[in-house]
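Since every read-out is calculated from the coordinates, none of them should be taken as a lab result. None of these values were measured; they are calculated from a predicted model. Don't worry about glycine lacking a Cβ; one is built from the backbone with ideal geometry, like all the others, and counts go over all protein chains shown.
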Amino acid sequence: MAKTVTAKAHTNIALVKYWGKKDAALMIPQNGSISLTLDHFYTQTSVTFDAHLSADQVYFNHQLLPAAKAARISRFLDLVRHRSGQATFATVQTENHVPTSAGLASSASGFAALAGAASRAAGLRLDAAGLSRLARRGSGSATRSIFGGFVEWHAGHDDQSSYAEVLQDPVNWDIQMIAVVLKATQKPISSTDGMARVVATSPYYPAWVTTAETDLKRMRQAIIARDLTAVGQIAETNAMRMHALNLSADPAFNYFTADTLTAIQAVSDLRSHGINCYYTLDAGPNVKIICAGQDTNVIMTRLQQHFDADQLIVAKPGPGITITEK
Ligand code: DP6
C-alpha cells in the first residue's frame with residue numbers, strides 16, 4: 001500500500017517584504033525578508049504516490065483541478081520525483097482553511113504544506129532548513145511558512161544558501177494582526193509577474209534592495225526588543241515602498257482598491273488618536289493591521305464604520321509545519 005502523508009502549514013505575512021527575484025529558476029530573491037506566521041489561516045495537504053496513476057491528480061477543496069490549473073503543482077512534484085527517485089504520479093488533496101475568497105496569500109501555506117507532504121511521501125527525510133529550501137522552489141513566500149512565529153528568509157546566492165529560519169518562536173509577547181478582507185476584484189497582475197516587471201523596469205529598484213537591507217537589521221532588533229511600535233513602523237514603511245515600486249514600473253500597476261485606501265486611512269486616524277496600530281499589504285487589496293490585543297475592540301469598532309464584522313479577522317502568531325504519516 002502506498003503511504004499517504006499529510007502536512008499542515010500556516011500562512012505568513014511579511015513585515016519586510018520579498019519583492020523581486022535574482023534567479024527565477026532557483027527562486028533566489030533579490031533581498032532577504034522577515035515575516036510573522038499566523039494562526040488563523042492554513043493549508044492542509046495530503047500526498048500519495050500511486051503506481052496506478054497515469055497523471056497527477058490534484059484536488060483543491062475536494063474538487064479535481066484541470067491539468068492546466070494543476071501544472072504548477074505537477075512541476076513541483078517533478079522536482080520531488082527527481083530528487084527522490086520516486087517515479088510514479090501522485091494524488092494531492094489540498095484544503096485551504098482561509099475564509100472563502102479572502103485572497104490571503106495561499107501560495108505560502110500551500111507550497112509549504114506540499115513540500116512537507118510530497119517530500120516525506122516520496123521517501124525524502126529533509127530537516128527544517130531542507131524543507132524550507134524545497135518549499136522555496138514552489139513559491140518564494142512558502143520558504144518562510146515552514147516555521148512558526150517570526151521568521152527570516154536569508155536571500156542567499158544559490159539553492160543551498162537561500163532558506164528561512166526562526167527568529168522568535170514562540171512569540172511570547174502581545175502582537176497580532178487584524179486582516180481586513182476586502183472584496184476581491186480581478187488581480188491586476190500575479191505576484192510572480194508583478195515583481196519581475198518591477199525588477200526589469202522600475203528605476204527605483206536598486207534603492208529598494210538597499211533599504212530592505214536596513215529594514216532587515218532594524219526589524220531583527222525590534223523583534224528582539226519586543227517593540228511593537230518599531231515593528232509596525234518598519235513594516236508599514238517597507239510595505240509602502242514595495243507598492244511604490246509597482247507605481248513606478250513600466251507599465252505601472254497597483255493592487256489597491258478604494259476600500260484599501262479607506263482601511264489605510266482608518267489606521268492613520270486611529271494612530272492620530274493614540275492607538276498604536278500599523279498596516280501592511282501584500283500583492284492584493286487586503287490590509288493587515290499590526291496591533292496589540294488590548295486595542296482590538298477600539299480598532300474593530302472604528303473599522304466597522306466601513307466594513308462588515310465578517311470582513312475583520314483577528315490573527316495571532318501561528319505555529320510551524322506539522323507532518324503526519326498514515
Ligand atoms: C508581496 O511568494 O507569491 O507577499 O515566489 O513568485 O510565488 P512567487 O511569489 P510570492 O510573492 C509574495 C510577495 C509578497 C511579499 C512576501 O510575502 O514577502
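Listed values, structure above:
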| item | result |
| --- | --- |
| Count - residues of the stretch 265-295 that are part of a helix (DSSP H, G or I) and either within 16 Å of the ligand (Cβ to nearest atom) or out of contact with any Phe, Trp or Tyr (no Cβ under 7 Å at 6 or more places or on another chain) (or both) | 10 |
| Sole residue being under 30 Å from Ala128 (Cα atoms) and hydroxyl-bearing (Ser, Thr, Tyr), chosen from Thr260, Thr237, Thr229, Thr322 | Thr322 |
| Neighbours by Cβ (under 8 Å, 6+ apart or cross-chain): first from the stretch 131-150, under 21 Å from Ala315 (Cβ atoms); second assigned to a loop (DSSP other than H, G, I, E, B) and of a type in the set (Val, Ile, Thr) | Ser145/Ile321; Ile146/Ile321; Phe147/Ile321; Gly149/Val171; Phe150/Val171 |
| Lone qualifier among Asp39, Asp56, Asp23 - being within 16 Å of the ligand (Cβ to nearest atom) and either touching a residue at least 12 places away in the same chain (Cβ under 8 Å) or closer than 30 Å to Thr211 by Cβ (or both) | Asp23 |
| Ala164 within 15 Å of the ligand (Cβ to nearest atom) and crowded, with 22+ Cβ neighbours inside 10 Å | yes |
| Inter-residue pairs, beta-carbon under 8 Å, first in a helix (DSSP H, G or I) and in the stretch 192-203, second basic (Lys, Arg) and within 12 Å of the ligand (Cβ to nearest atom), 6+ apart | Met195/Lys21; Ala196/Lys21; Val199/Lys21 |
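Listed here are the residues, each with its yes/no results for (1) within 17 Å of the chain's Cα centre (by Cα); (2) crowded, with 19+ Cβ neighbours inside 10 Å; (3) in a helix (DSSP H, G or I).
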| site | (1), (2), (3) |
| --- | --- |
| Glu95 | yes, no, no |
| Gly110 | yes, yes, yes |
| Ala113 | yes, yes, yes |
| Ala118 | no, yes, yes |
| Gly130 | no, no, yes |
| Ala142 | yes, yes, yes |
| Gly148 | yes, yes, no |
